[in-house]
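> Pasting in a structure now, in C-alpha cells, and then I'll have a few things to ask.
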Amino acid sequence: MTTDEILDILEEMFPNAECELIHKNAFELLIAVVLSAQTTDASVNKITPGLFEAFPTPQALADADIKDVENKIRRIGLYRNKAHSIKELSRALVENFDGVVPETMKELTSLAGVGRKTANVVRSVCFDIPSIAVDTHVERISKRLGLAKPQDSVEKVEEKLKRKIKRERWNRAHHLFIFFGRYHCTARNPKCESCPFQSFCKKDKLEAYKSKLKVKS
C-alpha cells in the first residue's frame, strides 16, 4: 500500500484531525507544545487558560516570578523544569525576536525547551510550512506501518517520512498519524481487529525489537 493510499484511508477515518492543543496564536501554541512533553494534550488544555490569562505575552511570562509560573502549571508532570523552560523561552523571544515567535527551524530550536518536534508543530500549524513533527504517536505508527524501521531514531523517522510522503501532504499526515495513534492504533491496546492496515502491520516485529532492548539493558 502506498503512502497516498494510507493517508487517503486515514482521511476517511479522521476527517477532522487537527491540533488538539487549544491556542489563540503562535506564542500560546509554542508554550503549549513545550508543556505537552510526556503529558497529554487534554492535561495541558486544562492549565493553559489560567496560565495565559495571567501571562498573555512573552514579556509578561519573561517577567513573571518563577514560583507563580510553577503554581499555574503544577498539575502536569515535570512542572518545575517546564516552568523554567517557558520562562527562559519567553525571555529569549523578547530579547532576540522582539517578542515574535520565529519561523525557521534554527531560530525556534534556539529557544529553551524547543526541539525539532515542537518547532515542526509550530511551523506546520501556525505558519503552514510543510513539516512533519514526530511525536510518540507518529513514531509508533510509522514503525508499525513499516514506513520506518524499529531501530530508527526520531530524526531518522522524520527523514524517511519526508522522503516517502508527498510534501504537500506533510502537514496533514502529521495530524492523521497522531489521531490514528491516539484513538485507534494505541500503544497498549490497539484495535487490530478493525484496522485497515492489519495485513502489513509490523507491530509484532516492533515489540520483539523493544523486548530485545530490555533484555540487553
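> Can you pull out every residue in region 53-83 that is part of a loop (DSSP other than H, G, I, E, B) and open to solvent by less than 30 Å² (accessible area, probe 1.4 Å)? Talk me through it step by step, then tell me what you get.
Of region 53-83, the ones part of a loop (DSSP other than H, G, I, E, B) are 55-57, 64-65, 74-78.
Once the filter is applied, which keeps residues that are part of a loop (DSSP other than H, G, I, E, B) and open to solvent by less than 30 Å² (accessible area, probe 1.4 Å), region 53-83 yields F55, A64, I76.
> Continuing with this model, one more query. Which one of these does R169 not meet: (1) of a type in the set (K, R); (2) out of contact with any Leu (no Cβ under 8 Å at 6 or more places or on another chain); (3) at pLDDT 95 or above?
Looking at each condition in turn, R169 falls short on (2).
> For region 120-137, which residues satisfy the criterion of being under 19 Å from R163 (Cα atoms), of a type in the set (A, V, I, L, M) and part of a helix (DSSP H, G or I)?
V121, the sole residue that qualifies.
> Name the residue, out of E107, E103, E88, that is under 22 Å from K24 (Cα atoms), open to solvent by 10 Å² or more (accessible area, probe 1.4 Å), outside any helix (DSSP H, G or I) and of a type in the set (D, E, K, R). Please lay out each step first, then the result.
Values: E107 fails: outside any helix (DSSP H, G or I); E88 fails: outside any helix (DSSP H, G or I).
One residue alone meets the criteria, E103.
> Follow-up. Would you tally the residues in region 159-194 being surrounded by fewer than 16 Cβ atoms within 10 Å (Cβ to Cβ) and not in a helix (DSSP H, G or I)?
The qualifying residues number 6.
> Evaluate the following for L206: is it surrounded by 14 or more Cβ atoms within 10 Å (Cβ to Cβ), in contact (Cβ under 8 Å) with a residue 24 or more places away in the chain and touching a Phe, Trp or Tyr at 6+ places or on another chain (Cβ under 8 Å)?
Details: surrounded by 14 or more Cβ atoms within 10 Å (Cβ to Cβ): yes; in contact (Cβ under 8 Å) with a residue 24 or more places away in the chain: yes; touching a Phe, Trp or Tyr at 6+ places or on another chain (Cβ under 8 Å): no.
No; evaluated as a whole, the condition is false for this residue.
> Within the set of pairs 6+ apart or on separate chains, which have a first residue in region 93-115 that is farther than 17 Å from D128 by Cα and without any contact (Cβ under 8 Å) to a residue 12 or more places away in the chain, a second that is in a helix (DSSP H, G or I) and open to solvent by less than 40 Å² (accessible area, probe 1.4 Å), and C-beta atoms under 6 Å apart?
From residues that are farther than 17 Å from D128 by Cα and without any contact (Cβ under 8 Å) to a residue 12 or more places away in the chain, the pairs are T109/A119.
> When you check E155 against the structure, is it under 30 Å from P56 (Cβ atoms), open to solvent by 40 Å² or more (accessible area, probe 1.4 Å) and either assigned to a helix (DSSP H, G or I) or not basic (K, R) (or both), yes or no? Working first, answer last.
Numbers: under 30 Å from P56 (Cβ atoms): no; open to solvent by 40 Å² or more (accessible area, probe 1.4 Å): yes; either assigned to a helix (DSSP H, G or I) or not basic (K, R) (or both): yes.
No, not satisfied.
> Another question, if that's okay. Test V121 against the criterion of being touching a Cys at 6+ places or on another chain (Cβ under 8 Å), farther than 16 Å from I6 by Cα and crowded, with 19+ Cβ neighbours inside 10 Å, and give yes or no.
On the way: touching a Cys at 6+ places or on another chain (Cβ under 8 Å): yes; farther than 16 Å from I6 by Cα: yes; crowded, with 19+ Cβ neighbours inside 10 Å: yes.
Yes: the conditions hold for V121.
> List every residue pair whose Cβ atoms sit under 8 Å apart, with the two residues 6 or more apart in sequence or on different chains, where the first one lies in region 23-37 and is closer than 13 Å to V125 by Cα and open to solvent by 10 Å² or more (accessible area, probe 1.4 Å) and the second, anywhere, is part of a helix (DSSP H, G or I) and of a type in the set (S, T, Y).
If the second residue must be part of a helix (DSSP H, G or I) and of a type in the set (S, T, Y), the pairs left are H23/T48; E28/T48.
> Return yes when E95 is over 19 Å from H23 (Cα atoms), open to solvent by 40 Å² or more (accessible area, probe 1.4 Å), assigned to a helix (DSSP H, G or I) and of a type in the set (D, E) and no when it is not. Before the answer, list the steps.
Numbers: over 19 Å from H23 (Cα atoms): yes; open to solvent by 40 Å² or more (accessible area, probe 1.4 Å): yes; assigned to a helix (DSSP H, G or I): yes; of a type in the set (D, E): yes.
Yes: the conditions hold for E95.
The values are calculated or read from the model by the stated rules, or taken from the named source; none is laboratory data. This one's a predicted model, so the numbers in the text were calculated from it and none came from an experiment. Note that we place each Cβ from the backbone using ideal geometry, even for glycine, and neighbour counts take in every protein chain shown. Surface accessibility is based on the protein's heavy atoms, side chains included, excluding ligands, DNA and RNA. Shrake-Rupley method; radii C 1.70, N 1.55, O 1.52, S 1.80 Å.
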